[in-house]
Amino acid sequence: MIFQIVGYQNSGKTTIMSEVIQILASGGYKVVTIKHHGHGGKPDIPEHKDSGRHVKAGAFASLIEGDGRVIVQAEKQNWKLEEQIQLISQLNPDVILIEGHKNMDFPKAILIRAEKDLELLKVLTNREVVFCMDAGIAAGLANMECPVFHKADQAAAWIADYVMAEIGSMSP
């Protein structure tokens, strides 16, 4: 099961994602996440540590394990989301939650902060739910083909319920 949480910067994606993870993990679900680093440039890696030094020296990937924790660092010109999903799927999760990558076609929750964010509803596919920070915007979307809620305080529970129902429907 793959589910996305999308919206523009500072729309609450990370907060909601963390809450969904907590709900699902406390219910015994194995959750993995993929986050798009949308702030420009490469995410930080500890270059002064051995694994960072290996990558800097030219290794395509470096895996470090200690006390049950595995960290993988890999360098490539461009990682397609499909490649990231394939890589993380090796951990056999129940669900993959994706923060960002809004233009992909997985089921998604869309977070709307302001009027200008409504453009997302015109271009994004596979909308399962919309959460609006503004009551007026939410009221204006009453005819959407998916549920629309004012405030994001219901978001984590709604998403977790949706994901659990989808996982349940995939079981033999």
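A few comments on the model shown:
- Average projected area [Cα convex hull, the chain], square nanometres: 11.6
- Annotation: per residue accessible area for the chain equals 60 Å², rounded to a whole number [probe 1.4 Å, protein chains only].
- DSSP beta bridge pairing in the chain, given as percent antiparallel to the nearest 5: 20
- Amide proton proximity set for F149, modelled H, under 5 Å, gap of 5+: V130, F131, C132
- The charge dipole of the chain, taken about the Cα centre with unit charges on the Cβ atoms of Lys, Arg (+1) and Asp, Glu (-1), comes to about 380 debye, rounded to the nearest 20.
- Computed over protein heavy atoms with a 1.4 Å probe, the carbon and sulfur contribution to the accessible area of the chain reaches 52%.
- Residue-averaged 222 nm ellipticity for the chain, from DSSP H runs of 4+ at -39500 (n - 2.57), nearest 500: -10000 deg cm²/dmol
The values are calculated or read from the model by the stated rules, or taken from the named source; none is laboratory data. Since this is a predicted model, take the numbers as computed values, not measurements. Note that each Cβ is placed from the backbone with ideal geometry, even for glycine, and that neighbours are counted across all protein chains shown. In case anyone asks, the SASA skips ligands and DNA or RNA and just uses the protein heavy atoms, side chains included. Shrake-Rupley method; radii C 1.70, N 1.55, O 1.52, S 1.80 Å.
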